[in-house]
Amino acid sequence: MAGLRPARSVTAAFDPGEKMRPAICVFLIALTAAPVPAAPGLAAEVSTPTAARGTASGILGTLRLTESLAALHNESSDPVSPINYIRVVLDDRAIKPWQAGAYPSLATLRDDAIKGKDPVVMLEVDVENTEEVFLSAFIYGPDQKIYTIDNTLELETLSIDNGRISGSFEGDHGTISFDAPINRFPITSKQSGSKARASEPFKIFASFLHALADGDRDKAAALVSPLAMPALRRLVEPGEDMGGAAAALDLIKPLVSEVYYHGDRAVIVHRDPKNELEVVEEIAFSLVRSGGRWLLDDR
């Protein structure tokens, strides 16, 4: 679940070749930016995907940061988070506008970084409480293993104004700074329960899991967008445990399913009926509508 966590600092190393959990790849939501009313402390101006490029400078681990992107998360855009916050993604290459608008779990970010050998740095700034900022980073160390940094910190500088967020903090090789446009990704509609499971996005999602459970790689690939194919290849590479898909199908049965639409994007989440605030993040999937049909999409 997104949002600030209690103050802590955890650093752990992972071998990029390390076997991860059973092969259910969590596809993160890809959204289409659109205006929504300004949140407290934010100007009404909204950046569009074509103007979404931000900048960053500094080094964390061996990752030289050059790009940044931000998105507003609140009740109008993110059903997973109970707080109003801005996510800032920092990377060494250009970032797609929706990447900061996703609401993934930290386990998913870690799997992306390790299995995809794709380091990433993320900050979450609580709009109502900017004193502590949550940092989650998955970066290469000098030994070429991916290290996890999970901590709260105080920014040295912070500005939220005119549809942008900028700030700086102390890294392990000096100051790290960023300046990014704030994208908005409002929910346009929602389905829950039986209506969600009868929806086209859910049917594609279920068909995808059934194809994986049956070992039908071709059928699974036909339900995946081109952007998500690298993740699918990692998922179905020889030797992967395809039993994870069957386990996910069993896990979903007692849960409450929800589909959230963001224009031509959708995300499927599942909640524990005994605790409606608890989302089972390992089976949160996103889809994109392309060519008149829904396809599983990647972060």
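The values are calculated or read from the model by the stated rules, or taken from the named source; none is laboratory data. Since this is a predicted model, take the numbers as computed values, not measurements. Heads up, the Cβs are rebuilt from the backbone with ideal geometry, glycines too, and the neighbour counts pull from every protein chain shown. The area values use the complete protein model at the heavy-atom level, side chains included, leaving out ligands, DNA and RNA. Shrake-Rupley method; radii C 1.70, N 1.55, O 1.52, S 1.80 Å.
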Identify the single condition in (1) modelled with pLDDT of 90 or more; (2) open to solvent by 60 Å² or more (accessible area, probe 1.4 Å); (3) hydrophobic (A, V, I, L, M, F, W, C); (4) closer than 22 Å to GLN99 by Cα that LEU251 does not satisfy, given that it satisfies every other one.
-> (4)
Scanning the stretch 280-293 residue by residue, those surrounded by fewer than 22 Cβ atoms within 10 Å (Cβ to Cβ) and in a strand (DSSP E or B) turn out to be ARG289, SER290, ARG293
Among the residues of the stretch 181-216, which ones are buried (at least 16 other Cβ atoms within 10 Å of the Cβ) and either among the charged types (D, E, K, R) or free of Cβ contacts under 8 Å to residues at least 12 places away in the same chain (or both)?
-> ARG184, ARG197
Is it the case that some residue within the stretch 128-151 is open to solvent by 40 Å² or more (accessible area, probe 1.4 Å), closer than 30 Å to ARG289 by Cβ and within 22 Å of the chain's Cα centre (by Cα)?
-> no
In the stretch 252-260, is there at least one residue being touching a strand residue (DSSP E or B) at 6+ places or on another chain (Cβ under 8 Å), assigned by the TED database to the domain that holds ARG197 and in a helix (DSSP H, G or I)?
-> yes
On the given criteria, is PHE178 part of a strand (DSSP E or B), touching a helix residue (DSSP H, G or I) at 6+ places or on another chain (Cβ under 6 Å) and either open to solvent by 40 Å² or more (accessible area, probe 1.4 Å) or farther than 27 Å from TYR260 by Cα (or both)?
-> no
